[in-house]
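The values are calculated or read from the model by the stated rules, or taken from the named source; none is laboratory data. What you see is a predicted model, and the numbers here were worked out from it, not measured in a lab. Note: ideal-geometry Cβ built from the backbone for every residue, glycine included; neighbour counts use all protein chains shown. Keep in mind that these areas ignore ligands, DNA and RNA; they rest on the heavy atoms of the full protein, side chains included. Shrake-Rupley method; radii C 1.70, N 1.55, O 1.52, S 1.80 Å.
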Amino acid sequence: MLKKLFILMALCAVNGSQLVHAEEASAPQDGHARVRFFGQAVISMTFYPDKSCYGGKGVQTSRSGFGGFFGSTKSISIGMPETPEVLNLKDRDGILSKAFYREYAVSADKPLTIIATMAQSTGRHMYSCEKIGGFFIPENGKDYEVTFDYGNDTCQVNVAQIDTADAEVRLLPVKTSMVAKCSAKD
């Protein structure tokens, strides 16, 4: 528990105005939405709160390369509802690449940009995708899930709203908008 609190405090120091401590985030709060990001060692994923572009200071939810292999792969939850992706997390595991997720509270009704990069070698083949992503505007009190899927020579960042109406968990696709690198004044 102490380690989890330390990690959350460090994340808040990175971008304190955008993150809410786990104790405060057990339910969506006024002015906030919650977002779950999935990761593994071959994927580098960063989000940029309150921006419709990428670059500058962002929050890295997972990183590829040696940092991804030797970094923490422990899932961090702030109390979001479990979805099929969480319940079947092991299905996302790769060779030497354990899947995990991290949940964050972000500002609602403001753009949230997500950028992902992936590089994986399967012996004779090298797969990579550079700066795939987009932005969307999370709604107040809603929960979202972000996945990075690759295969058949395609890479895609998928965003879904978690709907728990009628005691059933459903994932509703969220359309993202194209994103570009921020200018020097952004």
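Packing-wise, with mean Cβ within 10 Å as the measure, how do 104-113, 132-141, 166-175 rank, highest first?
Result, highest mean first: 104-113, 132-141, 166-175.
Calculate the FRET efficiency for C182 and S128 from the Cβ-Cβ distance with a Förster distance of 30 Å, rounded to the nearest 0.05.
0.85
Would you kindly find the accessible area of V179, with a 1.4 Å probe and non-protein molecules such as ligands, DNA and RNA excluded, rounding to the nearest 10 Å²?
Accessible surface of V179 is approximately 30 Å².
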